[in-house]
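Only one structure is covered here, and it is reproduced in the block below.
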Amino acid sequence: MTIPKLAITGLTILLLTCTLSAAPFYITENSIPTPKGGIHVLSQKAEYPILAQQNRIESDVVLVFRIEADGRVSNLRIVHSGGKSFDESATKAVLGISWIPARQNGEAVAVTFEQPFEYRF
């Protein structure tokens, strides 16, 4: 019998699973990639483009990228463009920080990750 328990904090989702049987039980840890220092580090790095800010322009950008098992970012692509200056800001933010890789059964694994950015006043 498997009983999942979910705990959500920021971007991290931990799934603890205990298997009950005559055999010993196992606890596994799974989590999604997170910026070192927390999600607020990512939002601090995503600077609002000056010209857009002066003209009160709002936008959204969605990036898809791979966080490798060692925390490196690869295969970054823009799946929803907010315009050149917004795209550059979001891209620099993702590439400019260190990442804690995803974990599966306690082991660091590479995963493809989607990150939205909302630029609002």
Please list, by residue number, everything in the range 65-90 whose backbone N is under 19 Å from a paramagnetic label point 7 Å out along Cα→Cβ of S43. 86-87, 89-90
Full extension between A69 and V111 adds, at 0.36 nm per residue less the Cα distance, a length in nm of 14.3 nm
Work out the length of the dipole vector of the range 33-119 about its Cα centre, built from +1 on the beta-carbon of each Lys and Arg and -1 on the beta-carbon of each Asp and Glu, and round it to the nearest 20 debye. 140
Using θ = phi - 60° and the Karplus curve 6.51 cos²θ - 1.76 cosθ + 1.60, what whole-Hz ³J(HN,Hα) does each residue of the range 64-69 get, with Gly and Pro shown as x? 10, 8, 10, 9, 6, 4
Between H80 and I50, what length comes free when the chain is fully extended (0.36 nm per residue of separation minus the Cα-Cα distance, one decimal in nm)? 8.7 nm
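Each value in this text was obtained by applying a stated rule to the coordinates, not by laboratory testing. It should be emphasised that the depicted structure is a prediction, and the values quoted were computed from it without experimental measurement. Neighbour counts are summed over all protein chains in view; Cβ atoms, including those assigned to glycine, are modelled from backbone coordinates with ideal geometry.
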